[in-house]
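Working notes, structure below.
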Amino acid sequence: MKIPMQWIDQYASIPVDAQVYQDKMIMIGNGVEGYEEVGHEVQGVVVGRVLTCEDHPDSDHLHVTTVDVGEEVPLNIVCGAPNCKEGILVPVAKIGATLPGGIKIKKGKLRGVASEGMLCGGDELGVPVELYPHVGKEGLLIFNEEYPVGSDVKPILGIDDTVMDFEVLANRPDCLSVWGIARETAVALGTQFNKPEITVKEADGDIHDHVKVEVLDSDLCPRYMARVVKNVRVAPSPMWLRKYLNGAGMRSINNVVDITNFIMLETGHPMHAFDLDMVEGNHIIVRRAVEGEHITTLDGKQHDLTPGQLVICDAVKPACVAGVMGGEESEITEKTHTMMFECAVFDRAATRVTSRALGIRTESSGRFEKGVSVKTVEEAMNRACQMINELDAGDVVPGVIDLYPNPAEEKVITASCQRIARRTGVDIPADDIVRILKDLHFGVERDGDTLTVTVPDYRQDVEGEADLSEEALRVYGYSHIPGTLLRGDTTPGGRSDRMRLKDEISRVLTGMGFYEIMKFSFVSPKQIEKLGLPEGDARLNTLAIRNPLGEDTSVMRTTLAPDMLSTLALNMNHGNEDARLYEVAATFDPLNRTEENLPTETQWLSLGMYGKNADFFALRGVVERLLEHLGITCQITAGAEPYHHPGRCATLTCGETVVCTIGEVHPDVREKFDMPSRAIIAEVNLAAVALLRKPMGAVKPMPRYPAVTRDLSLVMDESTQVGPLMADMAKAGGAMLEDAKMFDVYRSAQLGENKKSVAFSFVFRGADRTLTDAEISKAMEKILKAAAEKHNAVIRG
């Protein structure tokens with residue numbers, strides 16, 4: 001919040017420079033982002049009167065002037081402004097003067113005529129037209145009032161102040177005002193806070209003859225106050241008011257509107273003024289909006305209102321969005337004759353929701369969101385009416401409409417001086433605690449160690465003894481906190497079981513040539529729909545993000561497949577010939593909630609590959625080797641997900657638990673993801689893996705006896721599943737069979753239609769002897785018999 005120091009000084013004296021003031025405010029807990037010395041670049045510019053103005057002999061637009069700047073001899077200055085004429089008072093930059101942008105005025109010649117300075121326009125001095133009226137780049141700034149020649153122009157133009165930029169935190173809404181900052185200033189500098197005496201001069205009449213006010217939703221508007229001003233005299237605001245508003249970052253509009261902005265900045269209470277002639281039925285109704293209503297706000301934009309948004313209405317339609325922005329139709333104009341001041345308190349949450357929904361952020365909404373004191377509404381209203389009197393902007397009608405059904409009670413806190421000292425860790429004397437709280441305008445009564453503290457109406461952040469402790473310590477001084485050496489035991493960090501499992505998986509996959517990818521946890525629902533999941537699939541029930549960055553990141557992932565497919569497609573379309581990728585991440589199930597009512601998170605491993613040597617069997621081998629490393633043995637059955645190729649997919653199970661699904665991407669899904677070539681993906685349930693994995697057992701000694709290898713090629717039906725076949729053959733091989741692997745699949749016309757040849761390798765070893773050919777042949781016969789009887793697989797001829 002930006003505030004000119006001269007405005008603060010009006011209520012609390014500042015006998016120090018800006019840097020010291022900034023440091024003092026910071027040390028009592030008030031953030032200051034910095035300060036700006038307004039007009040510091042303007043030096044040596046004074047008021048001058050143009051004595052003569054003649055055309056330049058060698059130019060059709062330049063003028064040769066003599067200017068009185070209060071010195072013995074007038075200055076000769078050449079000027080090109082079209083509005084230069086004899087007798088006017090203007091800013092004059094003398095030789096050696098400086099202007100914004102580092103411009104320094106030097107003596108020179110223009111087309112042969114000497115010029116001893118420069119007559120200035122408002123833009124050249126950095127003076128906004130709202131601060132002091134001028135014609136901008138079209139000509140000189142001409143003073144409308146009489147000023148002594150030779151006097152400094154900076155106080156006249158309102159560019160002689162220092163603007164402080166305060167960082168007001170959410171817990172101190174009272175400091176979003178000049179009075180709030182002035183109170184803090186008085187405490188920081190040891191000066192006195194002097195609030196103006198407020199008196200209102202009323203004319204004749206009765207407010208009820210001009211307006212009727214109803215509050216239908218007092219839960220969102222706990223207090224609404226209205227006063228009426230008749231015979232409104234709209235005019236430009238005086239220079240001091242324009243200067244203060246400009247320093248605070250607001251532009252001057254007219255005296256009435258400027259009063260509402262001034263009161264908001266000074267007291268922290270947003271206000272609004274309605275032109276009663278434009279209020280249907282002279283009836284103000286505070287209610288929730290209904291379906292189909294809309295409003296055009298002061299910025300000229302039309303907004304559709306939704307039910308539940310609080311609005312200020314006349315007898316027919318909304319006239320203002322409560323706490324956010326007024327309506328264009330009832331704004332104050334030069335034609336306004338009778339107006340109504342509104343000073344109210346609106347619900348914080350409702351104001352924030354409405355402001356965000358409509359996309360309107362204002363100084364008013366910002367204050368209501370942080371909290372406005374319900375008890376100080378009347379003070380702000382009376383201050384506004386006092387300014388109507390002082391600026392002669394109208395006649396205040398007697399009477400006040402104050403709808404305040406549930407007055408807030410006075411807040412009283414009982415505290416202990418000793419507990420405050422223990423809590424702060426500083427031995428603050430009881431007398432100092434009392435003095436500090438009184439300086440902060442708390443009511444304090446002391447009875448021994450016990451304090452009975454009455455909280456000021458505007459301090460909504462103070463709830464208990466802890467808050468009083470903070471107030472006492474920040475003013476007493478954080479420098480009193482004794483220095484202590486760091487002590488305590490440090491706890492060494494560690495990695496959780498889940499982290500260690502991921503590390504182990506990463507090591508294995510990296511060793512097999514895979515690269516890790518990391519994607520966002522949120523995706524577009526359209527990406528999940530591309531998978532072609534059937535209606536009713538739980539993965540279609542996504543958890544929507546309340547405030548997403550966009551539609552592409554609007555729901556939490558229920559599967560990792562879309563991100564893996566899109567990443568594979570990206571690599572394909574960028575010319576990468578092959579890729580082996582994996583991702584370890586969580587999916588979110590909103591249908592199954594935790595005890596904290598949060599969606600269940602399940603860790604998954606997603607694998608994807610494509611390229612010359614990539615096929616279903618290659619990725620299946622990767623998954624099997626990974627599971628074998630983790631001590632998990634799975635059974636393989638055909639069929640998996642809808643987005644897999646129906647003839648090239650499988651499911652890996654361990655007992656009744658599905659551990660992994662694997663398959664080539666379905667052609668339809670490939671097309672949706674813009675994948676020009678075939679790819680294979682797998683998804684491993686790491687939650688199941690964590691439960692099923694077996695730790696490495698005892699180390700076995702190297703075998704003492706040699707192994708014997710036998711290869712076998714079997715012809716079988718195309719539909720025969722190799723996994724169950726291998727399981728039956730391994731069982732038939734008995735204890736001597738150490739390992740069995742498939743190493744080739746062959747198809748040709750010679751084998752016959754719908755036939756395939758699968759080659760297996762068997763490793764036999766005896767634990768206590770060298771096996772004989774007879775023993776191995778007998779085992780192979782059992783293997784062949786099991787393959788023929790159970791799977792109709794015979795030796796390839």
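The table below gives the values:
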| item | result |
| --- | --- |
| Convex hull volume per residue for the chain, taking Cα atoms only, in Å³ | 304 |
| Table column - 3J(HN,Hα) (Hz), region 92-98, Karplus curve with 6.51, -1.76, 1.60, x for Gly and Pro | 10, 8, 7, 4, x, 5, 10 |
| Relative contact order of the chain, defined on C-alpha pairs under 8 angstrom at six or more residues apart (%) | 8 |
| Estimated distance in nm for a label pair at Lys107 and Glu595, the labels positioned 7 Å out from Cα along Cα-to-Cβ | 9.0 |
| Whole-angstrom gap from region 662-704 to region 226-262, using each part's C-alpha centre | 72 |
| Tensor-based shape of region 564-639 (alpha-carbon gyration tensor, a/c under 1.5 rounded, otherwise prolate or oblate) | oblate |
| Prolate/oblate/rounded label for region 119-260 (Cα gyration tensor, a/c 1.5) | oblate |
| Loop GluC sites (Glu not before Pro), region 183-223 (other Cβ atoms within 10 Å of the site Cβ: 14 or fewer; DSSP) | Glu197 |
| Cα extents of region 1-105 along the three principal axes, largest first (Å) | 65, 25, 22 |
| Percent of Cα-Cα distances greater than 26 Å, calculated over region 483-637 | 42 |
| Cα-Cα over 31 Å, subset of Lys301/Lys530; Lys230/Lys438; Lys24/Lys104; Lys94/Lys195; Lys694/Lys731 | Lys301/Lys530; Lys230/Lys438; Lys24/Lys104; Lys94/Lys195 |
| Residue-by-residue Karplus 3J(HN,Hα) for region 600-614, coefficients 6.51, -1.76, 1.60, Hz, glycine and proline x | 5, 9, 10, 7, 10, 10, 10, 10, x, 7, 7, x, 4, 9, 9 |
| Tail beyond 20 Å, pair distance distribution of region 639-704 (Cα, percent) | 48 |
| At 1.567 mPa s and 4 °C, Stokes D of region 365-523 from Kirkwood alpha-carbon radius, µm² per second | 58 |
| Kirkwood Rh in Å, taken over region 321-452 so that all alpha-carbon pairs contribute | 19.0 |
| Ranked order, Ile263, Ile26, Ile285 - accessible area, probe 1.4 Å, largest first | Ile26, Ile285, Ile263 |
| Over the chain: helical MRE at 222 nm, DSSP H runs n ≥ 4 each giving -39500 (n - 2.57), nearest 500 | -8000 deg cm²/dmol |
| Normalised convex hull volume, region 727-794, alpha-carbon set, Å³ per residue | 91 |
| Calculated log₁₀ intensity ratio I(q)/I(0) where the Debye formula runs over C-alpha points of region 261-359, q = 0.11, 0.17 Å⁻¹ | -0.30, -0.74 |
| Sequence-separation-based contact order of region 640-746, relative, with Cα cut under 8 Å and 6+ spacing, percent | 16 |
| Protein-only accessible surface order, largest first, of Asp17, Asp304 at 1.4 Å | Asp304, Asp17 |
| When region 457-567 is reduced to its Cα atoms, the Kirkwood hydrodynamic radius in Å | 20.4 |
| Candidate residues Leu110, Leu509: accessible-area rank, largest first, probe 1.4 Å | Leu110, Leu509 |
| Accessible area (Å², 1.4 Å probe, nearest 10) - Trp179 | 0 |
| Spatial separation of Cα centroids for region 473-525 and region 268-326, in angstrom | 50 |
| Residues of the chain: accessible area per residue with a 1.4 Å probe, Å² | 50 |
| Relative contact order (%) - region 399-501, alpha-carbon pairs under 8 angstrom, separation at least six | 30 |
| Using θ = phi - 60° and Karplus 6.51 cos²θ - 1.76 cosθ + 1.60, couplings along region 283-297 (whole Hz; Gly, Pro as x) | 10, 9, 10, 9, 8, 7, 5, 10, 4, x, 7, 8, 8, 9, 7 |
| Gain in span if fully extended, Glu656 to His40, counting 0.36 nm per residue against the direct Cα distance | 213.7 nm |
| Solvent-accessible area of Lys519 with every protein chain in place, 1.4 Å probe, in Å² to the nearest 10 | 80 |
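The values are calculated or read from the model by the stated rules, or taken from the named source; none is laboratory data. Just so it is clear, the structure is predicted and the values come from calculations on it, not from any experiment. Please note: Cβ atoms are built from the backbone with ideal geometry, for glycine as well, and neighbour counts cover all protein chains shown. These accessible areas exclude ligands, DNA and RNA; they are computed on the full protein's heavy atoms, side chains included. Shrake-Rupley method; radii C 1.70, N 1.55, O 1.52, S 1.80 Å.
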